[in-house]
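Read through the structure below, which is laid out as structure tokens, and then see the notes.
A short reminder: the numbers here are calculations on the coordinates, not readings from a lab. Owing to the predicted nature of the structure, the values given are computational and were not obtained by experimental measurement. Cβ sites come from the backbone with ideal geometry, for glycine too, and all protein chains shown count toward neighbours.
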Amino acid sequence: MINMTNGIDLANVKDIVSKIVSAHQIQNVAFVGCGASSSELYPGFYLLKDEAKQLRPFHFTASEFNNDTPAWLGENTVVITASLGGTTPETVHANTVAKQHGATVVSVTHNGNSPLTEEADYVIVHGFEANYAAKLEKMGYVMDLALELMNQVEGYEHYDAAIDGFEKIFDLSESAAQHCTAFAKKFGHDYKDAPVIYYMSSGASMKVAYSSSICLMMEMQWVNSGSFHAGEFFHGPFEITDKDVPFVLLMNDGKTRSVDARALTFLDRFQAKTAVVDAKDYGLGSAIAPEVVTYFNPFVHTAVFRVYAEALAEERQHPLTLRRYMWKLQY
């Protein structure tokens, strides 16, 4: 029986990894992409960074991977690349670089006939349009690849708990997106005229804050924005905190919750204008085992904040699809 969870074919991932580890002695896993896709690679990297005892994980923006290629890249490396449309030039070239060095390439994309698939050893095609859960499939496939690599190479004591998490997280995230409408509308109304919006998070969701800032705000809304780790807040950024300065805090359930809570306490102390998206409010900890809950925060944060961004776009009468430069100029 094929084990599929909202379009995530866990059995296929398991089979791909089995073929890889039977042919190669894998030591390194490189996650390579750009923009939102780079951020969606991050939870898989974060899982290995925390839990792997033998595998060495690395996270790269594609242009740096291509121009400052690591010396360890070779036949003992799996390179996981991701691009929604499969046409991001830097990521496509990263496949070429990886293959030139003898690495095994797994590409995750929504377009199975895209340039990203041409040099990949294995291709995983994910969904996107159907609902908010579908928009999480790329992230889910990458994280499951990381999980399977770790379990098949060295074993992972919480593997079953993580698989159980995959079987629940998509429905939970879709439910969260459907039930945050009122909060999203308030965010859109309250932040529509903000000249700048700062984003903060920690743990596996740090890059959700990053992509929300650089993609949803700067790219899709032309709103000035910045992002930083909640743990770094007190090492510089907190000096800009003042009454009504706009912040978004993506608050985690799990290991780094206290890091986020400390930042929130300071924001409230000085009456900053703070929108909090708390994974705990959407039942993450009730559904996912405590041993692995930390790694599933990005799914909830991504789904919920997408609704927030759509509400902001509606208030500002600025569609998320509007661009000035992207795909229109040579760059």
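Sum up the charges of everything whose Cβ sits under 12 Å from the Cβ of LEU84, counting Lys and Arg as +1 and Asp and Glu as -1, but leave LEU84 out. Don't skip to the answer; put the middle values down first.
Details: positive: LYS135, LYS138; negative: GLU40, GLU129, GLU137.
That works out to -1.
Using 7 Å Cα-to-Cβ label points, what is the GLN178/LYS273 separation (nm, one decimal)?
3.2 nm
Want the number for SER22 to GLU129: 0.36 nm per residue separation, take away the alpha-carbon distance, what's left?
Numbers: separation 107, 0.36 × 107 = 38.52 nm, distance 3.50 nm.
Once the chain is fully extended between SER22 and GLU129, it gains 35.0 nm.
Nearest 5 percent is fine: what portion of the DSSP beta bridges confined to segment 163-263 is antiparallel? Spell out each step's value before the answer.
Numbers: 0 of 9 bridges.
Around 0 percent of the beta bridges assigned by DSSP in segment 163-263 are antiparallel ones.
Could you pull out the chymotrypsin sites (Phe, Trp or Tyr not before Pro) across segment 256-289 that fall in loop regions by DSSP (anything but H, G, I, E, B) with no more than 13 other Cβ atoms inside 10 Å? Don't skip to the answer; put the middle values down first.
Working: sites: PHE266, PHE270, TYR282; in loops: PHE270.
Passing sites in segment 256-289 are PHE270.
Looking at this model, which pairs from LYS186/LYS243; LYS99/LYS135; LYS19/LYS255; LYS53/LYS135; LYS49/LYS207; LYS185/LYS280 are more than 24 angstrom apart at the alpha-carbon? Numbers along the way, then the final one.
On the way: LYS186/LYS243 18 Å; LYS99/LYS135 28 Å; LYS19/LYS255 33 Å; LYS53/LYS135 31 Å; LYS49/LYS207 14 Å; LYS185/LYS280 20 Å.
Flagged as over cut-off: LYS99/LYS135; LYS19/LYS255; LYS53/LYS135.
Which longest run of the chain has no exposed loop site in it, a site being GluC sites (Glu not before Pro) in a DSSP loop with at most 11 other beta carbons within 10 Å, and the site itself not part of the run?
On the way: sites that count: GLU129, GLU157.
Longest site-free region, per DSSP loop and neighbour criteria: 158-331.
Considering only C-alpha atoms, what is the centroid distance from segment 155-206 to segment 252-272, in Å?
16 Å
Can you pull out the trypsin sites (Lys or Arg not before Pro) in segment 240-331 whose DSSP state is coil and whose Cβ has at most 16 other Cβ atoms within 10 Å? Spell out each step's value before the answer.
Numbers: sites: LYS243, LYS255, ARG257, ARG262, ARG269, LYS273, LYS280, ARG306, ARG316, ARG323, ARG324, LYS328; in loops: LYS243, LYS255, ARG323, ARG324, LYS328.
Within segment 240-331, the qualifying trypsin sites (Lys or Arg not before Pro) (loop, at most 16 other Cβ atoms within 10 Å) are LYS243, LYS255, ARG323, ARG324, LYS328.
Give me the percent of DSSP beta bridges within the chain that run antiparallel, rounded to the nearest 5.
Numbers: 2 of 38 bridges.
Rounded to the nearest five, the antiparallel share is 5 percent.
Would you compute the Debye intensity of segment 131-177 from its alpha-carbon atoms alone, equal scatterers and no solvent, and pass along log10 I(q)/I(0) at q = 0.14 Å⁻¹ to two decimals?
The Debye formula, applied to the Cα set alone, gives -0.37.
Which entry in [x] 19.3, 59; [y] 20.2, 78; [z] 20.2, 62 is this structure's computed Rg and Dmax of the Cα atoms in Å?
This structure yields the entry labelled [x].
Taking only Cα atoms and a 10 Å spring cutoff, compute GNM fluctuations for the chain and point out the largest among VAL208, VAL223, VAL17.
Per the Cα network of the chain with a 10 Å cutoff, VAL223 tops the list.
What FRET efficiency, computed as 1/(1 + (r/R0)^6) with R0 = 25 Å and r the Cβ-Cβ distance, is obtained for VAL196 and THR321, rounded to the nearest 0.05? Working shown, then result.
Details: r = 23 Å, r/R0 = 0.90.
Computed FRET efficiency for VAL196 and THR321: 0.65.
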